[in-house]
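Have a look at the structure below before the remarks.
The values are calculated or read from the model by the stated rules, or taken from the named source; none is laboratory data. What you see is a predicted model, and the numbers here were worked out from it, not measured in a lab. Here Cβ is always computed from backbone atoms with ideal geometry, including for glycine, and neighbour counts include all displayed protein chains. Just so you know, the surface numbers come from the protein's heavy atoms only, side chains and all, with ligands and any DNA or RNA stripped out. Shrake-Rupley method; radii C 1.70, N 1.55, O 1.52, S 1.80 Å.
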Amino acid sequence: MSDVICDEPALLQMMSRFGIPLGVADKTVTQVCQEHHVDTATFLALANFMKQGARGAAEHLPQVSVAALTDYLRRAHTYFLDYQLPAVRRKLLEALDCSQTAEVSLLIIKFYDNYMGEVRKHMQHENRKVFGYVEGLLRGERTGNYSIADFARSHSSIDVKLQELKNIIIKYYAPTEQAELLHSALYDIFTCEKDLRMHCQVEDDIFVPAVQILENQVALTAQPADAQAENKETAGNVLSEREQEIVHWVVCGLSNKQIGERLFISPNTVLTHRKNIARKLDIHSVAGLTIYAIVNGIVEIGDIGHD
């Protein structure tokens, strides 16, 4: 575990959100996770996602614990709302001249406060509505017409206004003193922006597809035995043979152009197939397709990322 942390320091925040303290000695990742009752496959999926993106997490995605992932995301919300965002605000207050004549400084603080309010509303909605829905699924319950696809369609990045804020400071605020403090606050804004973007990507590329698999499992369990058998038989027939080929090669890491060359079709035809696949499955990420392909026997784990 210590080697993993030194290789990717961003994992320190991830450890905190899993409730794993420092003092890991020479223990392996598995040993540390087991000691602190953390699902190892979920930890590895997120660690590889942070280091290599969606493809890095693909091997572990089918084993991800939705319960562990939901708890991780809740802790991340607490970190942003109770620590990181307030810490940036304190630094800005210290670095900016907020006297009555410094209108630009006051507007910057007001801009940031409005942003914090939007993030709080966004994350509280997820805590209540989205995570509450997932907890019901984990109990085998699904009521109403809501699905994780509804969340995915309306989910938007929450780091955009931080991009605007840093640009405003860089372009239009010229400190007469405390320049070092402002540079430090600006650096923290860059860091927070990156962290928030990664958080949203984890939700889109790991959380959403993992919950979609859980939804399918709950729906199947709730059906009579004969309906379950029928659904299992037709699950692999949702896609045509050509579409399954497309999914296979997408998951294996080929571009549209490479897939077209392999299947003797044009890149535009490949793109059309991919749009149809996304519409049929309601899956819009490579990570989600990876889970679908593994579960339905379209690809073997060892083939992922290789052509």
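Based on the inverse mean of 1/r over its pairs of different Cα atoms, what is the Kirkwood hydrodynamic radius of the stretch 11-84, in Å?
Result for the stretch 11-84 stands at 12.7 Å.
With a cap of 10 neighbouring Cβ atoms within 10 Å, and only residues DSSP puts in a loop, list the trypsin sites (Lys or Arg not before Pro) found in the stretch 1-91.
Here no loop site has a sparse enough neighbourhood.
Mark the label point 7 Å from the Cα of HIS122 along Cα→Cβ and return the residues of the stretch 159-191 whose backbone N is within less than 17 Å of it.
159-167, 189-191
Given N residues in the stretch 1-142, what is its alpha carbon radius of gyration divided by 2.2 N^0.38 Å?
Cα Rg divided by the expected 2.2 N^0.38 Å: 1.31.
Projected area of the chain, taken from the Cα convex hull and averaged over every viewing direction, in nm²?
Quarter of the Cα hull surface area: 19.6 nm².
How high is the FRET efficiency between VAL238 and TYR146 when r is their beta carbon distance and R₀ equals 30 Å, given to the nearest 0.05? Let's see the in-between values first.
Working: r = 22 Å, r/R0 = 0.73.
So the FRET efficiency works out to roughly 0.85.
To the nearest 10 degrees, how steep is helix 286-295 against the longest Cα principal axis of the chain, on a 0 to 90 scale?
Helix 286-295 sits at roughly 30 degrees to that axis.
Of ILE108, ILE294, which has the most accessible area with a 1.4 Å probe, and how do the rest follow in descending order?
ILE294, ILE108
At a 1.4 Å probe radius, which order do ILE277, ILE170 fall into by accessible area, largest first?
ILE170, ILE277
What number, rounded to the nearest 500 deg cm²/dmol, is the helix-based mean residue ellipticity at 222 nm of the chain, given -39500 (n - 2.57) per DSSP H run of at least four residues and division by all its residues?
Per the formula, -20500 deg cm²/dmol.
With the dipole of the chain worked out from charges on the C-beta (+1 for Lys and Arg, -1 for Asp and Glu) around the Cα centre, which of VAL251, PHE80, ASN48 lies farthest toward the positive end?
Result: PHE80, furthest along the dipole toward the positive end.
Tally up the carbon and sulfur contribution to the accessible surface of the chain as a whole percent, 1.4 Å probe, everything protein left in place. If you can, show how the numbers build up before the last one.
Values: 8280 of 16260 Å².
That share works out to 51 percent.
Please give the per residue accessible area of the chain, computed with a probe of 1.4 Å over protein heavy atoms only, in Å².
Roughly 53 Å² per residue, with all protein chains present.
Would you kindly state how much longer the chain becomes between GLN178 and GLU300 on full extension, computed as 0.36 nm times their sequence separation minus their alpha carbon distance, in nm to one decimal?
Numbers: separation 122, 0.36 × 122 = 43.92 nm, distance 5.69 nm.
Full extension of this stretch gives 38.2 nm more.
Rounding to the nearest 10 and keeping the result within 0 to 90°, find how far the Cα-based axis of helix 66-79 lies from the longest principal axis of the chain.
10 degrees
Loop-only trypsin sites (Lys or Arg not before Pro) in the stretch 131-190, please: DSSP not H, G, I, E or B, and at most 12 other Cβ atoms within 10 Å.
Sparse-neighbourhood loop trypsin sites (Lys or Arg not before Pro): ARG139.
Taking the 0 to 90 degree range and rounding to the nearest ten, how far is the long axis of helix 208-221 tilted relative to the main principal axis of the chain, both from C-alpha atoms?
Once rounded, one gets 40 degrees.
Using θ = phi - 60° and the Karplus form 6.51 cos²θ - 1.76 cosθ + 1.60, what ³J(HN,Hα) does each residue of the stretch 119-129 get, whole Hz, x for Gly and Pro?
5, 4, 4, 4, 6, 5, 4, 4, 4, 7, 7
Label-point separation (nm) for GLU35 and ASN276, each offset 7 Å from Cα along Cα-to-Cβ?
For the pair GLU35/ASN276, the computed spacing is 5.4 nm.
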